[in-house]
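> Before anything else, here's the structure in question.
The values are calculated or read from the model by the stated rules, or taken from the named source; none is laboratory data. Quantities reported herein were computed from a predicted structural model and do not represent experimental measurements. A quick note on method: Cβ atoms are made from the backbone with ideal geometry, for glycine too, and the neighbour counts reach across all protein chains shown.
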Amino acid sequence: MHFDPRTLELPKGLFAQGRLQAASGPAFEHVCPSDTRISLAYPTATPDDVDRVAHHAREAVWSSGWALQSANARGRVLARWADLIEANAQTLAALEALASSRPFGDAMTRDVQVAATALRTFASYAETHESAVTATGSRQLSMVTTEPHGVVAAIAPWNFPLILSAWKFAPALAAGNAVILKPSELTPFSALKIAELGVEAGLPDGVFNVLPGDAAVGRALVTHPYTDYITFTGSTVTGARIMADAATHGLKPVSLELGGKGAQLVFEDAKDLDQIAELVARGATYNSGQVCFAGSRLVVHAACKDALLSKVIERLKKLNTGPTWSDGVTLPPIINAAQIERIASLVERAKSDGAERLMGGETIQTNYSMHAYAPTILDRVGPNNIAFQEEIFGPVLTVDTFEDFDDGIAKANHPEYGLAVSVYTADLDRALTAARQVDSGTVWVNHWGRGDDMTSPFGGFKKSGLGKDLGRAGYEKYLKAKSVWVEIGDAS
């Protein structure tokens with residue numbers, strides 16, 4: 001074992017005014033996904049806690065000088081924070097693995113490193129951000145300057161707690177805002193530890209806060225008069241509610257990174273089916289399919305369907321399930337029993353709608369009481385099938401075929417979602433044409449999945465979201481623009 005899950009010390013409560021504090025809400029009990037015999041109970045925050053912390057954050061961001069100091073000064077703090085995160089990688093990875101579906105090894109080599117990289121990257125964006133002087137007559141000076149919004153409410157999901165929290169708090173803080181982070185009630189522990197390290201790095205008290213809690217805490221954050229910007233990653237249904245609440249409680253700006261039904265579009269001229277099979281299998285089952293940009297729909301030319309599917313099946317059979325603290329886990333647990341039941345129900349409904357099960361389609365029984373679902377392939381899944389319509393959020397790959405380019409594009413496009421699509425072809429002209437015609441916020445060509453870079457913005461179209469995380473756009477959204485017009489000399 002990388003760590004003993006029964007002896008790991010958990011930070012509990014809420015983090016505000018620079019320290020861990022007791023939360024005033026009821027206890028929430030989340031069972032460990034890797035071993036349901038382990039209870040991870042902790043006290044939660046309440047709307048009253050939100051009110052108190054929001055008041056302190058509003059005051060702290062200005063009184064501490066955080067919003068007013070130079071980007072270089074903020075950057076030095078964020079760089080020290082990144083160093084401390086890396087120095088505490090084992091603790092953070094263990095906290096992440098215990099409560100979530102993230103294997104310890106993946107959390108060590110990817111999740112923790114992404115959080116540290118995000119702090120360094122957005123510190124550099126802040127230091128190189130420029131305002132503008134616009135064209136005027138010789139007797140005027142017109143400038144466009146930027147300022148932080150003030151207090152950013154960041155609501156993060158449970159599937160990649162460290163990564164998706166850092167995508168929010170790193171750019172928001174780099175831009176000079178205070179942040180109140182609400183991690184998922186299922187996975188609060190790594191965020192609380194991160195907050196402690198931030199104060200050690202030199203963050204002023206009250207500038208970064210963590211409030212674990214349920215939907216009531218999230219809604220209190222969205223509607224509070226002292227939160228100025230809302231950023232959310234999660235389900236489309238919840239995103240719509242947040243957008244409505246923000247509109248009716250101050251017309252607050254909102255960015256939403258929501259669900260997806262990503263296609264992996266494979267043309268008949270695609271080279272190296274072994275590599276494509278590897279990417280298709282990974283796209284459908286990485287983190288057991290609990291990924292918003294999962295490549296969960298294989299749309300493959302009929303001429304190469306059988307050859308490619310046989311290779312995908314071969315790879316899925318080699319996946320290893322196991323608790324997150326063990327070596328070699330490539331099919332980690334499903335987050336909880338409710339999600340297992342939802343996956344199973346959608347698979348059964350898909351079969352009733354005419355899908356053919358090629359493999360999987362059942363829970364995996366283990367001797368360590370773990371939530372696990374078998375890698376599953378459903379063939380002949382058309383647009384009227386529930387497995388096409390709904391985001392399953394499990395290790396389930398659906399299959400449909402096409403005969404020509406237009407048919408392939410039509411089937412790759414989804415009527416409601418547009419987060420990420422992969423296109424596989426050896427023809428550069430076809431690849432670029434497909435990239436233009438696919439209605440998706442991200443298009444990968446001969447690839448699936450994000451790398452470690454922070455420069456490429458990420459966000460969806462349609463019901464997959466609004467606005468971008470990462471890249472220049474993911475930094476600038478945490479600033480508001482102000483036009484300043486100066487008359488020079490004698491105005492007469």
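> Can you confirm whether residue 364 is among the β-branched types (Val, Ile, Thr), out of contact with any helix residue (DSSP H, G or I) (no Cβ under 6 Å at 6 or more places or on another chain) and surrounded by fewer than 22 Cβ atoms within 10 Å (Cβ to Cβ)?
On the way: among the β-branched types (Val, Ile, Thr): yes; out of contact with any helix residue (DSSP H, G or I) (no Cβ under 6 Å at 6 or more places or on another chain): yes; surrounded by fewer than 22 Cβ atoms within 10 Å (Cβ to Cβ): yes.
When the stated conditions are applied, residue 364 passes them.
> Restricting attention to the range 138-183, and to residues there that are among the polar types (S, T, N, Q) and more than 18 Å from residue 53 (Cα to Cα), which single residue is surrounded by the fewest Cβ atoms within 10 Å (Cβ to Cβ)?
Among residues in the range 138-183 that are among the polar types (S, T, N, Q) and more than 18 Å from residue 53 (Cα to Cα), the one surrounded by the fewest Cβ atoms within 10 Å (Cβ to Cβ) is 138.
> Separate question: Please pick out the residue among 345, 369 that is under 22 Å from residue 30 (Cβ atoms), in the same structural domain as residue 281 (by TED's automatic domain parsing) and assigned to a helix (DSSP H, G or I). So that I can check it myself, show each step before the final result.
Numbers: 369 fails: assigned to a helix (DSSP H, G or I).
Exactly one of 345, 369 is under 22 Å from residue 30 (Cβ atoms), in the same structural domain as residue 281 (by TED's automatic domain parsing) and assigned to a helix (DSSP H, G or I), namely 345.
> Considering only strands (runs of 3 or more DSSP E) fully contained in the range 114-184, which possess at least 1 residues that are in contact with a Pro (Cβ under 8 Å, 6 or more places away or on another chain) and on the phi > 0 side of the Ramachandran plot?
Correct list: empty, since no element meets the threshold.
> So which of 403, 390 ends up being of a type in the set (D, E, K, R) and within 22 Å of residue 342 (Cα to Cα)?
Only one candidate qualifies: 390.
> Further question on the same structure: Looking at this structure, is residue 420 outside the structural domain of residue 287 (by TED's automatic domain parsing), under 26 Å from residue 164 (Cα atoms) and small (Gly, Ala, Ser)?
Against the criterion (outside the structural domain of residue 287 (by TED's automatic domain parsing), under 26 Å from residue 164 (Cα atoms) and small (Gly, Ala, Ser)), residue 420 does not qualify.
> Checking the condition farther than 19 Å from residue 56 by Cα, in contact (Cβ under 8 Å) with a residue 40 or more places away in the chain and in the same structural domain as residue 118 (by TED's automatic domain parsing), which residue from 231, 238 passes?
Just one listed residue meets the conditions, 231.
> Counting just the residues of the range 259-272 that are touching a Cys at 6+ places or on another chain (Cβ under 8 Å) and under 20 Å from residue 383 (Cβ atoms), which one comes out surrounded by the most Cβ atoms within 10 Å (Cβ to Cβ)?
Result: 260.
> Does residue 70 satisfy being surrounded by fewer than 17 Cβ atoms within 10 Å (Cβ to Cβ), modelled with pLDDT under 95 and in contact with an Asp or Glu (Cβ under 9 Å, 6 or more places away or on another chain)?
Criteria not met by residue 70.
> Of the residues in the range 14-32, how many are within 15 Å of residue 181 (Cβ to Cβ), at pLDDT 95 or above and surrounded by 19 or more Cβ atoms within 10 Å (Cβ to Cβ)?
Qualifying residue count for the region: 4.
> Please pick out the residue among 28, 3, 15 that is within 26 Å of the chain's Cα centre (by Cα) and under 30 Å from residue 129 (Cβ atoms).
Values: 28 fails: under 30 Å from residue 129 (Cβ atoms); 3 fails: under 30 Å from residue 129 (Cβ atoms).
Of the residues listed, the single one that is within 26 Å of the chain's Cα centre (by Cα) and under 30 Å from residue 129 (Cβ atoms) is 15.
> Restricting attention to the range 392-415, and to residues there that are touching a helix residue (DSSP H, G or I) at 6+ places or on another chain (Cβ under 8 Å) and of a type in the set (D, E, K, R), which single residue is farthest from residue 261 (Cα to Cα)?
The qualifying residue farthest from residue 261 (Cα to Cα) is 403.
Conditions (1) acidic (Asp, Glu); (2) farther than 24 Å from residue 332 by Cα; (3) in the same structural domain as residue 325 (by TED's automatic domain parsing); (4) more than 26 Å from the chain's Cα centre (by Cα), marked per residue:
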{"position": "22", "(1), (2), (3), (4)": "no, yes, no, yes"}
{"position": "40", "(1), (2), (3), (4)": "no, no, no, no"}
{"position": "62", "(1), (2), (3), (4)": "no, yes, no, yes"}
{"position": "71", "(1), (2), (3), (4)": "no, yes, no, no"}
{"position": "108", "(1), (2), (3), (4)": "no, no, no, no"}
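> Here are the criteria: (1) surrounded by 14 or more Cβ atoms within 10 Å (Cβ to Cβ); (2) not assigned by TED's automatic domain parsing to the domain that holds residue 98. Tell me which single one residue 47 does not satisfy.
Only one criterion in (1) surrounded by 14 or more Cβ atoms within 10 Å (Cβ to Cβ); (2) not assigned by TED's automatic domain parsing to the domain that holds residue 98 is unmet by residue 47, namely (2).
> May I pose another question? Which numbered condition trips up residue 52, out of (1) in a loop (DSSP other than H, G, I, E, B); (2) free of Cβ contacts under 8 Å to residues at least 40 places away in the same chain?
Result: residue 52 passes all but (1).
> Give the number of residues within the range 207-226 that are in contact with a Phe, Trp or Tyr (Cβ under 9 Å, 6 or more places away or on another chain) and surrounded by 23 or more Cβ atoms within 10 Å (Cβ to Cβ).
Total meeting the criteria: 9.
> Output the residues belonging to the range 231-262 that are touching a strand residue (DSSP E or B) at 6+ places or on another chain (Cβ under 9 Å), of a type in the set (Gly, Ala, Ser) and assigned to a loop (DSSP other than H, G, I, E, B).
If the condition is that a residue be touching a strand residue (DSSP E or B) at 6+ places or on another chain (Cβ under 9 Å), of a type in the set (Gly, Ala, Ser) and assigned to a loop (DSSP other than H, G, I, E, B), then 234, 259, 260, 262 are the ones that fit.
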